[in-house]
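*Asks:* Right, I'll just put the structure down here and ask away after.
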Amino acid sequence: MGRILITENSPIQSRQLQIASQKANELSRLHASMGTYHWFARVLKKNIHQFSSGLLLGDSDGYLGRFLYSDKSLREKIDITGIDSMPRPIKWPLPWKWVQTEILEFEVWERYSFIIANWFFYAFDESKIQRIGEKIQSSNAFLLVFSEPYRSYFQRFELWVLHKIGLIRSAYPVVCRAVQAGFYDQEFIQALHLESSKWQISTSSPLLLSQRVVAKRL
């Protein structure tokens, strides 16, 4: 089962639908139930030992940024700039910067010590992911923390169960498309070319719809 990307002609056109209020709330609950936001916080606390500036790719609803900013001990260690083609979300913390631009047009990657993203790369085809990966490789980031939809029949069944029990309602088509466009096994790491000797990579079990990747530059 190969990746099925969301196309411009699809009735569900890209990640932009995620900012609709009800869908955004459901997606936030989904990530909260999977422990995604807490996982990002734990990884950053464990690996960042001095004040650092980071880049958050595609937090178009602002929930992850708001969660990280609400953690006082973490807020004292990090400053994050959000970047997306969408306008600054209402939920995004006021003290943190937001850049509205296409990701491939962003040019100041060298300013950031770490890069994070939650369910962002699945919206792109392999050629664009490779180009983003090249920008990441040329950056000064020492830490990458990514969570992406994991594509398998088990995840699709798990999603159907979550839909039946009411955890996901209006956002169900969006999440289905995300899982279909997600990554299986090592596809995501290979697409970004992180398998080189420059990175120490760890991945976690994708039992809850997502594959979690932490990469540290050697």
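*Asks:* List the pairs whose first member sits in the range 52-64 and is at pLDDT below 95, whose second member is in a loop (DSSP other than H, G, I, E, B) and open to solvent by 10 Å² or more (accessible area, probe 1.4 Å), and whose Cβ atoms are under 6 Å apart, counting only residues at least 6 apart or on separate chains?
*Replies:* The qualifying pairs are Ser60/Met86; Asp61/Pro89; Gly62/Pro89; Gly62/Lys91; Tyr63/Lys91.
*Asks:* Going by the conditions given, is Ala141 at negative phi, assigned to a helix (DSSP H, G or I) and of a type in the set (Gly, Ala, Ser)?
*Replies:* no
*Asks:* If you go through the range 35-59, how many residues are of a type in the set (Phe, Trp, Tyr) and farther than 22 Å from Arg111 by Cβ?
*Replies:* 2
*Asks:* Right, next: Can you pull out every residue in the range 58-95 that is outside any loop (DSSP other than H, G, I, E, B) and touching a Gly at 6+ places or on another chain (Cβ under 8 Å)?
*Replies:* Gly65, Ile78, Asp79, Ile80, Thr81, Gly82, Ile83, Asp84
*Asks:* What about Arg131, is it charged (D, E, K, R) and not in a helix (DSSP H, G or I)?
*Replies:* No, not satisfied.
*Asks:* Kindly indicate whether Ile136 is within 23 Å of Leu57 (Cβ to Cβ) and in a helix (DSSP H, G or I).
*Replies:* yes
*Asks:* For the range 57-99, give me the residue count where each residue is open to solvent by 30 Å² or more (accessible area, probe 1.4 Å) and under 15 Å from the mean Cα position of the chain (by Cα).
*Replies:* Going through the range 57-99 one residue at a time, the tally reaches 3.
*Asks:* I'm trying to understand the selection: among the residues of the range 36-56, which are closer than 18 Å to Ser147 by Cβ and open to solvent by 20 Å² or more (accessible area, probe 1.4 Å)?
*Replies:* Within the range 36-56, His38, Trp39, Arg42, Lys45, Lys46, Asn47 meet the criteria.
*Asks:* Scan the helices (runs of 4 or more DSSP H) fully inside the range 149-216 and keep the ones with 3 or more residues being open to solvent by 40 Å² or more (accessible area, probe 1.4 Å) and free of Cβ contacts under 8 Å to residues at least 40 places away in the same chain.
*Replies:* 153-164
*Asks:* Another question, then. Any idea which residue in the range 100-132 is nearest to Ser210 (Cα to Cα), counting only those that are exposed (fewer than 14 other Cβ atoms within 10 Å of the Cβ) and of a type in the set (Val, Ile, Thr)?
*Replies:* Thr101
The values are calculated or read from the model by the stated rules, or taken from the named source; none is laboratory data. All values derive from a computational prediction rather than experimental measurement. FYI the Cβ positions are ideal-geometry reconstructions off the backbone, even for glycines, and counts take in every protein chain you see. Each accessible area value is taken on the protein alone, full model and side chains, heavy atoms only, with ligands, DNA and RNA left out. Shrake-Rupley method; radii C 1.70, N 1.55, O 1.52, S 1.80 Å.
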